[in-house]
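Input: a single structure, listed below in structure tokens.
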Amino acid sequence: MIENYLDLERGIMEHWNSKVVRKASDMRGFYLANDALEKMIEGGDPVIYEVYAVTHENEGELCYGVTVLHPGKVGDEFFMTKGHYHEKRDRGELYIGLRGRGLLLMQKDEEVQWYEMRRGTVIYVPPYWAHRSINTGTEDFVFLAIYPGDAGHDYGTIAEKGFAKIVVEKEGRVDIIKNPRY
Ligand code: S6P
Ligand code: ZN
């Protein structure tokens, strides 16, 4: 498909061929507060985020997708995506904020960086950097991501170790602290 329509105000994309829904039960092991997560799952297993994407698999092609990350917390940690490296590590990505507010957390070896995102923010994720988004606001955090067709996703590395930093609410403020499990 060549042409599409993205409602920039609402962050809704008309056409997509891939929809991924991550519920609380898909996020086991990603948050420090296991008990709080289990309680949430028992209480109805809410959706944490959805991704609507147009995908192509070949080298030279591009994929693009809208992520809708809902607001909320598990324990003190804000709702976040799983986060990943690209399977082909030398593939970069572009993030564009559409709605709400959040953080993009990036990590390469032991180096960690984070960037605030809101409507209009453009972040270039260079090759070799793992990336995770976090909703630090009270409404949906929505962004568009554009990445190479053959990038692939390596979730295992992050699932095992997490990122070196976690994003929590402390005394009503957003705090980026050392991940005690890392
Ligand atoms: C894909 C891009 C995004 C994420 C999406 C969900 O390379 O970075 O579309 O897939 O934000 O995050 P995750 O970590 O569950 O794939
Ligand atoms: Zn990516």
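Label segment 53-99 by shape, choosing from rounded, prolate and oblate, from the square roots a ≥ b ≥ c of the eigenvalues of the Cα gyration tensor; if a/c is under 1.5 it is rounded, and otherwise prolate applies when a/b is larger than b/c, oblate when it is not. Display every interim value, and only then the final one.
Details: a/c = 2.97, a/b = 1.89, b/c = 1.58.
Here segment 53-99 falls in the prolate category.
Arranged from highest to lowest average of other beta-carbon atoms within 10 Å per residue, in what order do the peptides 176-182, 71-77 appear?
Working: 176-182: 11.6, 71-77: 17.4.
Output ranking for 176-182, 71-77: 71-77, 176-182.
I'd like the distance between the alpha-carbon centres of segment 1-64 and segment 76-141, rounded to an integer number of Å.
So the separation of the two Cα centres works out to 14 Å.
Rg to Rh ratio, the chain, alpha-carbon atoms and Kirkwood radius? Each step should come with its number before you reach the end.
Values: Rg = 15.7 Å, Rh = 16.6 Å.
Here Rg/Rh amounts to 0.95.
What's the extension gain from residue 118 to residue 19 if we count 0.36 nm per residue and subtract their Cα-Cα distance? The partial results should precede the final answer.
Details: separation 99, 0.36 × 99 = 35.64 nm, distance 2.30 nm.
So the chain would gain 33.3 nm between residue 118 and residue 19.
Can you give the relative contact order of the chain as a percent, counting alpha carbon pairs under 8 Å and 6+ residues apart? Provide the component values of the computation, followed by the final result.
Details: 435 pairs, mean separation 41.7, N = 182.
Contact order relative to length: 23 percent.
What 222 nm value per residue comes from the helices of the chain, counting each DSSP H run with n ≥ 4 as -39,500 (n - 2.57) and dividing by all residues, nearest 500 deg cm²/dmol? Before the final figure, lay out the partial values.
Details: 2 runs with 15 residues, N = 182.
So the helix-based figure for the chain works out to -2000 deg cm²/dmol.
Say the cut-off is 20 Å between C-alpha atoms; which of 19/88; 19/39; 23/108; 82/165; 82/161 go over it?
On the way: 19/88 22 Å; 19/39 26 Å; 23/108 27 Å; 82/165 14 Å; 82/161 12 Å.
Violating the 20 Å Cα-Cα cut-off are 19/88; 19/39; 23/108.
All of the numbers you see were taken from the coordinates with simple rules; none came from a lab. Note that the coordinates shown come from a computational prediction; the quantities given were computed from them, not determined experimentally. All Cβ positions, even for glycine, are placed from backbone atoms using ideal geometry, and neighbour counts span all protein chains on display.
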